[in-house]
1. What angle do you read, to the nearest 10 degrees and between 0 and 90, between the alpha-carbon axis of helix C:162-180 and the longest principal axis of chain C?
2. Taking θ as phi - 60°, what are the ³J(HN,Hα) couplings along segment C:13-28 by the Karplus curve (6.51, -1.76, 1.60), each to the nearest whole Hz, with x for Gly and Pro?
3. Rounded to the nearest 0.05, what FRET efficiency do residue C:25 and residue B:47 give with R0 = 56 Å and r taken as the Cβ-Cβ distance? Could you check?
4. If you plug each phi of segment D:114-120 into the Karplus form 6.51 cos²θ - 1.76 cosθ + 1.60 with θ = phi - 60°, what whole-Hz ³J(HN,Hα) values come out, in order, with x for Gly and Pro?
5. Please provide three numbers in whole Å: the alpha-carbon extents of the protein assembly as shown along the principal axes, with the largest listed first.
6. Could you list which residues have their amide H under 5 Å from that of residue D:73, counting only those 5 or more apart in sequence or on another chain, with H placed in the peptide plane?
7. Only Cα pairs within less than 10 Å get springs; with that Gaussian network setup on chain C, which residue of C:32, C:57, C:134 has the largest fluctuation?
8. Once you wrap a convex hull around the alpha carbon atoms of segment C:32-92, what is its projected area averaged over all directions, in nm²?
There are 4 protein chains.
Amino acid sequence: MQLLVICGSLRTGSFNRAICNTLPDLAPEGCEILQAPSFGGIPVYNADTQGAEGFPEQVIELAAMIAKADGVVIVSPEYNFSVPGGLKNTIDWISRLPDQPFKGKQVALQSAAGGMLGGARMQYHLRQIMVFLEAKVFTKPEVFVAFAKSKVDESGTRIADETTREMIRAQLAAFAADIGG
Amino acid sequence: MQLLVICGSLRTGSFNRAICNTLPDLAPEGCEILQAPSFGGIPVYNADTQGAEGFPEQVIELAAMIAKADGVVIVSPEYNFSVPGGLKNTIDWISRLPDQPFKGKQVALQSAAGGMLGGARMQYHLRQIMVFLEAKVFTKPEVFVAFAKSKVDESGTRIADETTREMIRAQLAAFAADIGG
Amino acid sequence: MQLLVICGSLRTGSFNRAICNTLPDLAPEGCEILQAPSFGGIPVYNADTQGAEGFPEQVIELAAMIAKADGVVIVSPEYNFSVPGGLKNTIDWISRLPDQPFKGKQVALQSAAGGMLGGARMQYHLRQIMVFLEAKVFTKPEVFVAFAKSKVDESGTRIADETTREMIRAQLAAFAADIGG
Amino acid sequence: MQLLVICGSLRTGSFNRAICNTLPDLAPEGCEILQAPSFGGIPVYNADTQGAEGFPEQVIELAAMIAKADGVVIVSPEYNFSVPGGLKNTIDWISRLPDQPFKGKQVALQSAAGGMLGGARMQYHLRQIMVFLEAKVFTKPEVFVAFAKSKVDESGTRIADETTREMIRAQLAAFAADIGG
């Protein structure tokens, strides 16, 4: 089973990137974790550009990876109580493809934030977006990593906190079971 | 009184652009309508880029226009049941500025869509985003332009439907009264 | 296959009740429609009352019907941009039962309203509520019956408009296929 | 200045009731705190009942208190990721009154919960509801009391945690300043 991980942040030291880095350790046996390439460089969606020049190569590649995966894990920060514009813009591009790949796809959500809500507001907006795309979004357990600075290791690139690791492990196991079932 | 209009679509033939074009006709006397420049070309937000290179010139200019305006009207399509990524990305950049200009600013929302909901789902997500930014978002009357293709003139660049024009006129009048009051 | 229909309005002449009445005509062959009893008379949830007196008989009966059904269709008006308090209160009671019956249950949403949005805002709040309950909520096609007064027959007790009937028929067919699949 | 406090829970030992009890200590000087009576006993809204028997006395009294207050503070738990049915039902009744008292009223939101999100999901749904009612909902600072069991005193009837008290104090001061301004 292959899970594709999409990171909603472009920042090198991102807490959400630290989650992505840690997922291979936490996935159940037999579950391969594949990291999606960064969406940095994808231009802001413009239907006129799409008409004249078609889709950016990055969008086509990411869509193909989504289509091929058994499930998708989106790990993203919350910007201004919602989904980061860059992540949403990537989804907007993908949604215009003839065979949009989120349709019927199993999707799990995770988020980390410096504050106490751990990105929760982002996740509920993303859930609504996924209704349009007809994805099957995993319900519970949810993964919110609050006060994320205290959950990473010294390098800031991996999740060290054992409770957090267990929370993520539990979601991945249940998500994989759903996909397999 | 000066109102700044931000359009959430980059498409030339956009129904939302048609609303923006029509606002000067519909604004109450003494209320000047200023069109914000397009956010096309603003790169996807990356905190590392911000740290290394600072803010894009376009972001700084738009923020200054927002700061100077007496009120802001955001006119936007709905993409995938939410705010277009390009508009959200622009807001994300603006939100990082030392004096983020939406704080305490009066903001009104309008949307057009080809379908029956007229962009409503976009507006409620944008309202939540504006809570974070501490904007004062106008409540009612709301402006949803449904089945927008039937509401524009032959050129597709202006709102022709009289009921729609009256709806927009009513909101602008009430919004201007709120700002003035 | 048996689908349980829960109506979010208590009003005799309710447009949503008219939808409920019409569902047996519109369900695919082999799909039986069962109407849930009214939630009128269920008191406002109070954990102290639950502790002292247990659950109201009506709540226990409704929960058993949900547990037994192959799928649940919730048909509800929108009150104040959200879920009617009476429907939410019923869900709140049900959620406290030891084996809460929405867990893993397939659920479809429908709404009617006098205005142009057809109850859409209610549905997205209800979707979020159903995440907590771990229901599997059907995505698309969605059923929003706008300007509902023009869609019922003279008696006001059934949906007469053919486009609306077709929309509901399409959702029920796809929902039944999902359950069967 | 008089602030009316509405509690969204009927439970005697409610964490939200503990907040309500503590508000008089935390309000700025010159700001009187008035507790709204419980909504226990208000029947589930039914337009037919309203037509035949009019409004329950409790609803009329609460509406009059809201109308008279300079501001309203709603302190509520989250039930099933949204507003408690009982609180929503009370708002639904009030919304049908000829002069619905939330129109133009300043409203602040607070919530407590046993878990890590502190009732946040309830607040964003309540904010959307208040858009319909045309209330002016205070933005920031927001008050979410997470892990509420650890924030009350031994009797469970008052907020003891000093950080939480300071958070509430800061919101009330800013809210009172907004009302006064």
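1. The helix C:162-180 is inclined about 50 degrees to chain C.
2. x, 4, 4, 6, 4, 4, 4, 3, 4, 8, 4, x, 5, 9, 6, x
3. After rounding, the FRET efficiency stands at 0.50.
4. Using θ = phi - 60°, the values come out as x, x, 7, 8, x, x, 4 Hz.
5. Result for the protein assembly as shown: principal-axis Cα extents of 63, 61, 60 Å.
6. Long-range HN contacts for residue D:73: D:4, D:5, D:6, D:108.
7. The residue that fluctuates most here is C:57.
8. Values: hull surface 19.4 nm².
Projected area, direction-averaged: 4.8 nm².
The values are calculated or read from the model by the stated rules, or taken from the named source; none is laboratory data. All of these numbers come straight from a predicted model, not from anything done at the bench. For neighbour counting, all protein chains shown are included, and Cβ atoms are generated from backbone atoms with ideal geometry for every residue, glycine included. Please note that ligands, DNA and RNA were not included when accessible areas were found on the heavy atoms of the full protein model with its side chains. Shrake-Rupley method; radii C 1.70, N 1.55, O 1.52, S 1.80 Å.
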